[in-house]
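Presented below is the structure to which this report refers.
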Amino acid sequence: MRESVRPDAEVCRAWVREAAARVAADRDRLTQLDSAIGDGDHGHNLDRGMRAALQAVEDLGETATAGEVLAAAGKALIAKTGGASGPLYGGALRAMGRSLDESGDLAAALRAGCDAVRKLGGAAVGDKTMVDALEPAVKAYEETCDLEVTADAATTGAESTMTLRARKGRASYLGERSVGHLDPGAASTALLIRALVTAARDVRA
Amino acid sequence: MRESVRPDAEVCRAWVREAAARVAADRDRLTQLDSAIGDGDHGHNLDRGMRAALQAVEDLGETATAGEVLAAAGKALIAKTGGASGPLYGGALRAMGRSLDESGDLAAALRAGCDAVRKLGGAAVGDKTMVDALEPAVKAYEETCDLEVTADAATTGAESTMTLRARKGRASYLGERSVGHLDPGAASTALLIRALVTAARDVRA
Amino acid sequence: MKKVINAPEDVVPDALRGLAAAHPGLRVDAEGRFAVRGDAPVRGKVALVSGGGSGHEPLHTGFVGPGMLDAACPGEVFTSPVPDQILAATLAVNGGTGVLHLVKNYTGDVLNFQLAAELAADEGVAVESVLIDDDVAVEDSTHTAGRRGTGATVFAEKIAGALAEERAGLPAVAAVAREVNERSRSFGVALSAATVPATGRPGFDLPDDQVELGVGIHGEPGRERAPLAPAAELVDRALTAIEADLPLSGDLLVMVNGMGGTPLAELYVAFGEVARRLRGRATIARSLVGNYVTSLDMTGFSITVCRLTPELLRLWDAPVETPALRWGR
Amino acid sequence: MKKVINAPEDVVPDALRGLAAAHPGLRVDAEGRFAVRGDAPVRGKVALVSGGGSGHEPLHTGFVGPGMLDAACPGEVFTSPVPDQILAATLAVNGGTGVLHLVKNYTGDVLNFQLAAELAADEGVAVESVLIDDDVAVEDSTHTAGRRGTGATVFAEKIAGALAEERAGLPAVAAVAREVNERSRSFGVALSAATVPATGRPGFDLPDDQVELGVGIHGEPGRERAPLAPAAELVDRALTAIEADLPLSGDLLVMVNGMGGTPLAELYVAFGEVARRLRGRATIARSLVGNYVTSLDMTGFSITVCRLTPELLRLWDAPVETPALRWGR
Ligand SMILES: Nc1ncnc2c1ncn2[C@@H]1O[C@H](COP(=O)(O)OP(=O)(O)O)[C@@H](O)[C@H]1O
Ligand SMILES: Nc1ncnc2c1ncn2[C@@H]1O[C@H](COP(=O)(O)OP(=O)(O)O)[C@@H](O)[C@H]1O
Ligand SMILES: [Mg+2]
Ligand SMILES: [Mg+2]
Ligand SMILES: [Mg+2]
Ligand SMILES: [Mg+2]
């Protein structure tokens, strides 16, 4: 088994940059997913939030730590995203930041982020939320320390929401009618994790 | 020159019946004409009014005079049509009724009806209103006492409104943009006069 | 056509039944098609009667009550009321000191109110009529039907209603209504047409990138089509048209009125632009933002401005208690 | 998309600027995105703060003023507000005796208000939160997100606001808000979807002959589609759903609420059907008919019913002075 990555501030900055770019590119797709089983704003929310996060990170001094970078991004996400995903993603990034500054270890940080989402939102795997992408991804990283495998697990997890009936979030109002649609938050989670792979690889290369 | 017809109660009843049927059949076309340069209700207004007029005439006793038939129809038109056309057509029929009971003569009655419309509405020929169909029809009857010629004059008059710019009624709000459309009230006037021809012929036959 | 109705021909009486159920302070005759304030007739008070086609709610039924109208007569949708109902309402509210008919200037309304006034006079009731014609979109000349009555109707009903409540005589109440009309101007902008229940189709077609400038409240097309533009520009077009006719300064009463299908937030956006454009040149002393003179589900807005005098302002502020306007009590 | 706006991203601050211009009795921070009553903070009074996505106007900004809310925080369109603005509003209205957060039960609203409450507590302000979850269209269980908050929000804001105005303490004000919520139920019917400015497309597609039963106020699709039917039948479906959860008898407060794009006359038609259906079984003691909790330009309506107690009725009747509700003063 590989060793868990110890992302530095540069990797974290690159992650936020890459994530913002991917969310901007996929904004309309994510919003469309949310139109089908939610209120049609997820892509726009997250795009607004990620642009603010990117700005906040760029406004940070050169000396900021990895943890400070994620904390700043998380705070901006909370301040600008709104909706359910704002506090959830913002809370996750802040928890990851705290964890990184303590341990420096990505596995621990990912677990901390996932715990934050689960604690804030109360959702478990199978509820058709971002947790369905996040939890398997974190588990995969814990087991393999392979970022590609982790990103694939997130994607597979996101796809698994297609057949689920939502029990949390706005899609839950649809009951049976939520089946047959991807969860927008799970889709964006897969995208954010994929951005992390790219960031880690590009910075190292 | 022929002699002016002296319509009896039967002809007047037949006229109301025939007019109601024609308006019902052309209701949507008249409303559509009104949509283009007015508020899109003329056919529906007149249909509602003519149904009430027909009912009122059918409720009349056997002994009602020609004048009483038209007065009842006019009163019902005023009570149920609404809009500009209700008082105008209702007023015209009541004036015709009064004239018929006085003189018995159709030429005089038509002139009285036309005068009533002009007095109530203040429109002259060329203003793009029902007067553009009514006035030439009445003049044609005064000159020829020929109902076919009269109806043709009404139709020609109605068609003449196509190129006019409206100065009265709702179409006047359009200014130049009213040009190129038939006036709905002129169209319905042509139709009502045509109904009179049919009624007079059918009853006599 | 998608509407919350039972049958197109029943919309007016059905809505009147709902009005009656919702507002015990009104007396509603759903068959006779008029609504009067519950304590009518008020002895010794000049009574105000208005009416017009339905589809403009809350105009006029929503303005019946102490401090405003004594009666409202809704016609069929977008069709003026008939003399019978106007006469019945006039007789029901006559308090012995005369009745004021507030009539929006449309041929149909004018003719039907005129017939009703003649019938009322036959029954010994003194009726005066005031025509409201505030819409600057329409050419005004003695050779035409003249300007349409739109938003200023609300102002006239409120202000004349307040004066009547103070027991002013019929000439004074009529005079103040005329004064409000003379000092008021309106201009409307439509983004899409209304669909009348009876026809089930939009009254006009408007391409997705066009607006109808100077639209009428009965779905009459306006005078000009223009490209869809930001709110600031649409407001500018409307105010420019108004100011060409009535220079704006001093204390103003301003209404940004929704056509029915436009969200309140958009009306506030428009009002913000009005305020910005008038800043430094005139004072918005009082305002209304909302749906007051609607055109069914039409989208768009109209702006109505009245140049206030201290007395008009005082009467505007006087207590009013109706379904749609309520303050001071 | 045709809207009276400048740019989609400016709708919320632009509308707030219009709100400020129209209502001098409010203090509006368009950048910070909240509105407070002009005399805030009111010393010794429990302050009420609510908020939620924009696009539901007059909810919540239209309910700020004496007798109702102390502050409202509008989020982006159909998106819950963020903790910063809720915190700023909370601090701005805190009169020293605690602040009540009235939160509609949506995950986003719950989380953002929760974060704001924690931040306020850090600054020494006592905050209690009451969740509004009155929408019977949604399955209610501990395993789900629970029911949505809709029309009962207006009732809770009004009634708790009245009690706070009487200087009741935070526990009592929170308790009466909870009581209103427990005694209230809602159900919505959409005829067409709303178009959010940012996306420019309707939130869902509804065939011309179908309605969405149990629709949410953020354009969330409902639970079931059904054929378009007469108003009487649509009302019956809504009331049947409500009564399955809360048997109706005694004195009721009933709101027939428009979704934004539906003409007032249709809402009165619906209210007439509600009154007819309840006749003989319950008393409509008070009612509201109009646009109170809208969904931009969505067409359709919702029904909200609250089983009143004499005390709730007394508080409902207490004076209120806000842009959208005003009586008794
Ligand atoms: N309780 C929850 N726990 C975890 N994730 C949730 C929860 N509720 C919602 N989500 C996620 O948030 C996504 C929706 O985000 P977004 O559209 O931005 O917020 P909103 O639903 O408030 O409009 C959902 O697709 C889901 O993945
Ligand atoms: N002043 C007038 N004199 C004569 N006819 C008129 C006048 N005003 C309107 N009309 C006629 O009435 C017709 C419109 O009738 P209708 O649509 O029923 O009434 P409204 O315009 O009130 O909706 C017009 O097409 C025109 O022929
Ligand atoms: Mg969403
Ligand atoms: Mg017409
Ligand atoms: Mg008409
Ligand atoms: Mg949302």
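Determine, yes or no, whether A:R165 is without any contact (Cβ under 8 Å) to a residue 60 or more places away in the chain, of a type in the set (K, R), in a helix (DSSP H, G or I) and away from ligand 2 (no atom under 16 Å from the Cβ). No: the conditions fail for A:R165.
Among the residues of the range B:26-55, those that are of a type in the set (A, V, I, L, M) and at the interface with chain C (Cβ under 9 Å from one of its Cβ atoms) comprise B:A36, B:I37.
Checking each residue in the range D:266-295 for being in a strand (DSSP E or B) and at positive phi picks out only D:G290. In the set (1) of a type in the set (D, E); (2) more than 26 Å from B:T31 (Cα to Cα); (3) free of Cβ contacts under 8 Å to residues at least 60 places away in the same chain, C:D134 fails one condition alone, (3).
Of all residues being away from ligand 4 (no atom under 16 Å from the Cβ) and within 13 Å of the chain's Cα centre (by Cα) in the range B:79-96, which is nearest to C:G108 (Cα to Cα)? Just the residue, please. In this case the residue turns out to be B:G91. Among the candidates B:E62, B:E18, the residue that is more than 10 Å from chain C (Cβ to nearest Cβ), in contact (Cβ under 8 Å) with a residue 12 or more places away in the chain and away from ligand 2 (no atom under 12 Å from the Cβ) is uniquely B:E18.
Residues are listed down the side, and each one gets a yes or a no for (1) more than 9 Å from chain D (Cβ to nearest Cβ); (2) of a type outside the set (A, V, I, L, M, F, W, C); (3) touching a Phe, Trp or Tyr at 6+ places or on another chain (Cβ under 9 Å); (4) closer than 23 Å to C:I132 by Cα:
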{"position": "C:L246", "(1), (2), (3), (4)": "yes, no, no, yes"}
{"position": "C:D251", "(1), (2), (3), (4)": "yes, yes, no, yes"}
{"position": "C:M255", "(1), (2), (3), (4)": "yes, no, yes, yes"}
{"position": "C:A265", "(1), (2), (3), (4)": "no, no, no, no"}
{"position": "C:L278", "(1), (2), (3), (4)": "yes, no, no, no"}
{"position": "C:G300", "(1), (2), (3), (4)": "no, yes, no, yes"}
{"position": "C:W316", "(1), (2), (3), (4)": "yes, no, yes, yes"}
{"position": "C:V320", "(1), (2), (3), (4)": "yes, no, yes, yes"}
{"position": "C:R329", "(1), (2), (3), (4)": "no, yes, yes, no"}
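If the condition is being under 24 Å from C:V154 (Cα atoms) and within 14 Å of ligand 4 (Cβ to nearest atom), then the range C:184-231 contributes C:A194, C:V196, C:G216, C:I217, C:H218, C:G219, C:E220, C:P221. Residues in the range C:189-202 that are within 14 Å of ligand 5 (Cβ to nearest atom) and either out of contact with any strand residue (DSSP E or B) (no Cβ under 7 Å at 6 or more places or on another chain) or not in a loop (DSSP other than H, G, I, E, B) (or both): C:T199 only.
Can you tell me which residue within the range C:280-294, out of those that are among the polar types (S, T, N, Q) and within 9 Å of chain D (Cβ to nearest Cβ), is farthest from D:T61 (Cα to Cα)? Once the filter is applied, the top-ranked residue is C:T294. Per the conditions (1) of a type outside the set (F, W, Y); (2) closer than 24 Å to A:L77 by Cα; (3) modelled with pLDDT of 95 or more, the sole criterion not satisfied by A:V197 is (3).
Listed here are the residues, each with its yes/no results for (1) within 10 Å of ligand 1 (Cβ to nearest atom); (2) under 28 Å from D:R148 (Cβ atoms).
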site	(1), (2)
A:A21	no, no
A:Q32	no, yes
A:L46	yes, yes
A:D59	no, no
A:V69	no, no
A:L77	no, yes
A:P87	yes, yes
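Of all residues in the range D:202-213, which are of a type outside the set (A, V, I, L, M, F, W, C) and at the interface with chain A (Cβ under 8 Å from one of its Cβ atoms)? Answer for the range D:202-213, where residues must be of a type outside the set (A, V, I, L, M, F, W, C) and at the interface with chain A (Cβ under 8 Å from one of its Cβ atoms): just D:G203. Within the range A:70-95, the set of residues being more than 9 Å from chain D (Cβ to nearest Cβ) and hydrophobic (A, V, I, L, M, F, W, C) comprises A:L70, A:A71, A:A72, A:A73, A:A76, A:L77, A:A92, A:L93, A:A95.
Which one of D:V11, D:V28, D:V49 is surrounded by 18 or more Cβ atoms within 10 Å (Cβ to Cβ), at pLDDT 95 or above, at the interface with another protein chain (Cβ under 8 Å from one of its Cβ atoms) and not in a loop (DSSP other than H, G, I, E, B)? Exactly one of D:V11, D:V28, D:V49 is surrounded by 18 or more Cβ atoms within 10 Å (Cβ to Cβ), at pLDDT 95 or above, at the interface with another protein chain (Cβ under 8 Å from one of its Cβ atoms) and not in a loop (DSSP other than H, G, I, E, B), namely D:V11.
Which condition number does C:A270 fail, the rest of (1) surrounded by fewer than 24 Cβ atoms within 10 Å (Cβ to Cβ); (2) under 23 Å from D:S54 (Cβ atoms) being met? (1) is the only condition that C:A270 fails.
Determine whether the range A:170-191 contains at least one residue that is under 15 Å from the mean Cα position of the chain (by Cα), in a loop (DSSP other than H, G, I, E, B) and away from ligand 4 (no atom under 16 Å from the Cβ). Yes: one or more hits.
Per the listing A:D115, A:D127, A:D146, A:D152, the residue uniquely away from ligand 2 (no atom under 16 Å from the Cβ), more than 17 Å from A:L30 (Cα to Cα) and within 11 Å of chain D (Cβ to nearest Cβ) is A:D127.
All told, B:Y173 meets the bar of being aromatic (F, W, Y), away from ligand 1 (no atom under 16 Å from the Cβ) and within 14 Å of another protein chain (Cβ to nearest Cβ). Taking C:A226 as the residue in question, decide whether it is more than 21 Å from C:Y106 (Cβ to Cβ), in a strand (DSSP E or B) and small (G, A, S). Answer is yes for this residue.
The values are calculated or read from the model by the stated rules, or taken from the named source; none is laboratory data. Since this is a predicted model, take the numbers as computed values, not measurements. With ideal geometry, Cβ positions are generated from the backbone for all residues, glycine too; neighbour counts draw on all protein chains shown.
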